[in-house]
Amino acid sequence: MVENLTVYYFSGTGNALSAGRWIKENAEKKGVKSDLISIDRFKKIHVPAAAGKRLIGFCYPTHGFSLPWIMLKFIFRFPARERCDVFLLNTRAGSKIFKWFAPGVSGIAQMLPALILLIKGFKIQSLFPLDMPSNWVSVHPGYNQSTVAAMVTRCRAMVDSFCEKVLNGRRHFRPNVFVMMPIDIALAPIAFMYFMYGRFFFAKVFIASTDCDACNLCEQKCPTTSIRIINKRPFWKFSCESCMRCINICPRQAIQASHSLAAVIAVISSFLPLALMLKVLNSYIPLSLHRPADFIANWGISLTLFFTVSGAVFWLIRLQWINRFFSATSLTKYWRRYIAPGIKPKDY
């Protein structure tokens, strides 16, 4: 039986935090010494001293069919401990259609960190995808309360069953892991593109409407310190994980994911004469390097565009009519927000 449990978590709006709390509660009922540690804004990895059989867990959301960059860095830097058991729990965008609970998709959110941990000498005790309600309100409305309650109740029961096995030293892999694996592998290229492009794009479509009262809650609670307050308005840096914490905890719902700004970035990108620029670049490098050079050039130009356009809009939205335009054309202005039941901003 496990004698010491340490769970590290990263959570945008409370799904992974809720799962971590449920695991800790189950461990304490069994008399297992347990620690629940947030990796928000981590600079140094804290590993509690422990004796006896130990289990380490990593709980995190699924972003772009992968795990958040901050958790991937954390696992990369995590000190190797030979033969120590670990488990990976990723929350993913589950849904409920009438009475049917539809699973989310993990992509490489489990396979990649599992590979890294195996190389480091850890033993994988469990891979456990958990279909909590999605918090990505930048791409869809938040679910209603009854749907959220039903999904969370189901997930709580699944975590309790998971704990009954792994805390007694048994391995546990949800059958869903292997059933979904062909789809997860097929989505690996999309996960790669999210790492290279998507996460930066999403970071640059956040704006603050005129409803913002400069309470600074978003800056204080950002898990990656990616929000700066400039002229009493939040500005999002490229290190933003799009975890949706800021947009969902804003007390005035002033933060929007601007779909109109996303369209502006896309339109400007389409007008840029990339082909001509790449042709000039390719004339100076060997033929065998054209494809990687094209990719690097496109990547650099895209990031420059994201930064330039969003930066210009940040300064322009000080004008009230421009601010109202981008706010009114942001679907998030009309959508429900999402925070996991029982989670408050003070919990971060």
Stretchable slack from Ser146 to Ile285, in nm (0.36 nm times residue separation minus alpha-carbon distance)
44.1 nm
Listed residue pairs exceeding 26 Å between alpha carbons, taken from Lys96/Lys344; Lys29/Lys53; Lys96/Lys120:
Lys96/Lys120
For the pair Phe307/Ala214, report the inter-label distance in nm, with labels modelled 7 Å from Cα in the Cβ direction.
2.7
The extension gain from Ile322 to Asn176, computed as 0.36 nm times the residue separation minus the Cα-Cα distance, is 47.8 nm
Select from Ser138, Gln220, Ile207 the residue farthest towards the positive end of the dipole of segment 108-258; place +1 on Cβ of Lys and Arg, -1 on Cβ of Asp and Glu, and compute about the Cα centre.
Gln220
Local charge sum around Gly107 (other residues, Cβ-Cβ under 9 Å, Lys/Arg +1, Asp/Glu -1)?
0
For Rg/Rh (Cα atoms, Kirkwood Rh), with candidates [x] 1.00; [y] 1.02; [z] 0.96, the value calculated from the shown model is option [x]
Dipole magnitude of segment 9-84 about its Cα centre, charges +1 at Lys/Arg Cβ and -1 at Asp/Glu Cβ only, in debye to the nearest 20?
260
For the chain, which cysteines have no disulfide-compatible partner, meaning no other cysteine Cβ under 4.7 Å?
Cys59, Cys84, Cys155, Cys163, Cys212, Cys215, Cys222, Cys240, Cys243, Cys250
From the square roots a ≥ b ≥ c of the eigenvalues of the alpha-carbon gyration tensor of segment 87-195, which class results: rounded (a/c under 1.5), prolate (a/b over b/c), or oblate?
oblate
Net charge (Lys, Arg +1; Asp, Glu -1) of residues whose beta-carbon lies under 15 Å from that of Lys346, Lys346 excluded, is +2
DSSP-defined antiparallel bridges as percent of all bridges, the chain, nearest 5
30
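Bear in mind that the values in this text are calculations on the coordinates, not laboratory data. Since we're looking at a predicted model, the values are computed, not measured. Every residue, glycine among them, receives a Cβ derived from its backbone with ideal geometry; neighbour counts consider all protein chains shown.
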